[in-house]
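As structure tokens, the structure follows; a few thoughts come after it.
Values in this text are rule-based calculations from the coordinates and carry no lab data. Keep in mind it's a predicted model, so treat the numbers as computed, not measured. Cβ placement follows ideal geometry from the backbone for every residue including glycine, while neighbour counts extend to all protein chains displayed.
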Amino acid sequence: MLKPDNPNAFTRSPLDRAGLKRRDTAWLEGALNAGESRLLPFYQHRPFVMDEGGVVAPGWLNGGAHKHFGAKKTLFLGLDAAGVAYFAFEVADEAQFEGLGRFDDLRALGPRLSRDDLANIGPAKSVFEWHAKNGFCANCGVESLIAEGGWRRDCPSCKTEHYPRVDPVCIMVPTFGDKVLLGRQKAWPRGMHSALAGFIEPGEAIEEAVARETLEEAGLVVREVRMHSTQPWPFPHSLMIGVLCEVENDRETVDTTELESARWFTREEARQLIAGKHAECWAPPPFAIAHQLLKTWAAE
Ligand SMILES: [Zn+2]
């Protein structure tokens, strides 16, 4: 069930991506330099933010800022409802921004930024990370060139076009009757429990990946898969596909190479986890799709 009221952070961007404008290089150049345009700097994949009265917000700069700060690359993000163009640009040096604001980690910032801010910034984080690791043609090895407003790299030698990658990940909460299974990894903070997850492999349907991962990680056989929602997750460029799955029994066998442990929670406990009121354990914040999956099941 994919809903237009997607509850997940990084979705429902207020911007129109205006994909057809990406190939209009003269228009892009004009928009980058137009005073009313909004440009957000990035340094080492961290967005530029400013604090105003304890509220943190992206530090959008005016058109032309990319030149002033010597941008290495720019990315056209889209147009807002008033037709104002939004861009992100990447700089090689953060010292010149001293006193204006700071570059900060998006994962740490996430829960403090607004829904619109996250939806605007997420794509830039993913695309800049992709550029950083894909400077050379995967087909012939020649250095490739940025095209399409930052959304493609073209090889000048063999002419192959390279597009930013998206890695699909299934993320699921196995349920059995009135209980839900959450796992925990050794590296996580004490008490934290979350959904199971894994990358979808080539040739796999989503529900097949859900069944395989649930069996591998928890030794449980999936009987029924219910799609919940999806979330672009820019760390670095995953697409989380959220699922509730009913399993055959509650006799889990944890694969300790992936998980430290797993634990069944009653529906009442799931409600406590969502409210942050469980005595021993806690679940990820609303920023993460795992929270939304658990919340939906807890409310049923
Ligand atoms: Zn090539």
**Request:** Assuming R0 = 25 Å, can you tell me the calculated FRET efficiency for the pair Cys281 and Glu201, based on Cβ-Cβ distance, to the nearest 0.05?
**Result:** 0.25
**Message:** Test of understanding: what is the full-extension gain from Asp24 to Arg263, defined as 0.36 nm times their sequence separation minus their Cα-Cα distance?
**Reply:** 80.7 nm
**Asked** If you take every DSSP beta bridge whose two residues both sit in the range 167-299, what share of them, in percent to the nearest 5, is antiparallel?
**Response** 70 percent
**Asked** Taking 0.36 nm per residue of separation and subtracting the Cα-Cα distance, what length does fully extending Leu215 through Leu100 add?
**Response** 36.3 nm
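Please report Rg over Rh for the range 167-299, where both radii come from the alpha carbon positions and Rh follows the Kirkwood definition. Before the final figure, lay out each step's value.
On the way: Rg = 13.5 Å, Rh = 14.6 Å.
That ratio equals 0.93.
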**Fill in**
Taking R0 as 25 Å and r as the Cβ-Cβ distance between Phe235 and Asp16, the FRET efficiency 1/(1 + (r/R0)^6), rounded to the nearest 0.05, comes to 0.50
**Item:** Most to least packed among 193-199, 44-50 [average Cβ atoms within 10 Å]
**Value:** 193-199, 44-50
**Prompt:** For the range 19-133, what ratio Rg/Rh do Cα atoms give with a Kirkwood hydrodynamic radius?
**Reply:** 0.94
**Message:** I'd like the antiparallel share, as a percent to the nearest 5, of DSSP beta bridges with both residues in the chain.
**Reply:** 75 percent
**Asked** Mind listing the Cα extents of the range 106-247 along all three principal axes, in Å, largest one first?
**Response** 58, 38, 27
**Asked** Stokes-Einstein at 10 °C, 1.306 mPa s, Kirkwood radius from Cα pairs: D for the range 81-131 in µm² s⁻¹?
**Response** 123 µm²/s
**Message:** Testing the spin-label approximation: label points 7 Å from Cα along Cα→Cβ at Asp154 and Thr253. State their distance in nm.
**Reply:** 5.5 nm
**Request:** Take the alpha carbon atoms of the chain, find their radius of gyration, then divide it by 2.2 N^0.38 Å using N residues; give the quotient.
**Result:** 1.12
**Among the listed pairs Lys125/Lys277; Lys73/Lys159; Lys67/Lys159; Lys125/Lys186, those beyond 24 Å (Cα-Cα)** = Lys125/Lys277; Lys67/Lys159; Lys125/Lys186
**Calculated FRET value between Ala34 and His68, using beta carbons and R₀ = 22 Å, to 0.05** = 0.95
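Give the order of Tyr86, Tyr163 when sorted by the count of other beta carbons within 10 angstrom, beginning with the fewest.
Taking fewest neighbouring Cβ atoms as first place, the list is Tyr163, Tyr86.
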**Request:** Sort 249-260, 170-181 for me by packing, meaning the mean count of neighbouring Cβ atoms within 10 Å per residue, highest on top.
**Result:** 170-181, 249-260
**Prompt:** Which aspartates and glutamates have a Cα lying under 17 Å from the Cα of Lys133, excluding residues fewer than 8 positions away in the same chain?
**Reply:** Glu90, Glu143, Asp154, Glu161, Asp167
**Message:** Quick check on the exposure proxy: order Ser114, Ser229 from fewest to most C-beta atoms within 10 angstrom.
**Reply:** Ser114, Ser229
**Message:** Can you give me the C-alpha center-to-center distance between the range 147-223 and the range 48-64, rounded to a whole angstrom?
**Reply:** 33 Å
**Fill in**
Singleton cysteines, the chain, no second Cys beta-carbon under 4.7 Å -> Cys170, Cys245, Cys281
**Fill in**
In whole percent, the Cα-Cα distances of the range 147-221 spread across 5 Å bins from 0 upward as 3, 13, 17, 15, 12, 10, 8, 8, 7, 5, 1, 0
